[in-house]
Amino acid sequence: MSARNLDQLFVERARDYLSNEYPAKLRLAIAALPDDKLWWRPNEASNSVGNLLLHLGGNLSQWIVAGVGGEAFERHRAAEFDARDGAPASDLLDEFERVLANDGSRPSNMRGSSS
């Protein structure tokens with residue numbers, strides 16, 4: 001398999017994971033979590049599920065929106081982990097999917113796309 005074919009295969013798989021598989025799995029996992037556990041931490045050195053969702057949104061914005069899509073993005077990474085409460089899970093998941101649907105960084109617009 002040529003390097004070009006491997007590049008194209010990687011982009012196709014990444015597009016599918018980001019657009020379909022990961023959002024569906026996250027929604028299923030979060031649906032099983034009681035609402036009062038979203039921002040719960042087992043101790044001060046640990047992160048809550050809410051923190052991890054904030055972090056995932058920041059990571060996607062940094063690497064997909066800015067890195068792949070070329071859009072300006074200012075990240076406040078420490079705030080992702082400092083939060084002790086915040087939006088409900090549905091809002092955090094909607095934001096995750098909004099980032100993935102961003103016109104400039106949509107997985108279907110990833111470099112190497114043949115479509």
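Where a number appears in this text, it was derived from the coordinates with a stated rule and is not lab data. Every value quoted in this text rests on a predicted model; they were computed, and no experiment measured them. Counting neighbours? That spans all protein chains shown, and the Cβs are built from the backbone with ideal geometry, glycine included.
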Report task. Just need a number here: residues in region 7-26 that are surrounded by fewer than 16 Cβ atoms within 10 Å (Cβ to Cβ), closer than 17 Å to V99 by Cβ and among the basic types (K, R). Result -> 1
Query raised in the report: How many of the residues making up region 53-73 are out of contact with any Leu (no Cβ under 9 Å at 6 or more places or on another chain) and closer than 18 Å to D85 by Cα?
Result: 2
Query raised in the report: Out of region 75-105, which residues are more than 27 Å from R41 (Cα to Cα) and among the acidic types (D, E)?
Result: D103
Requested in this report: Return the total of residues in region 27-52 being in contact with a Leu (Cβ under 7 Å, 6 or more places away or on another chain) and within 19 Å of E97 (Cα to Cα).
Outcome: 4
Report task. Answer yes if at least one residue in region 57-66 is of a type outside the set (A, V, I, L, M) and either loosely packed, with under 13 Cβ neighbours inside 10 Å or farther than 22 Å from V11 by Cα (or both), and no otherwise. Result -> no
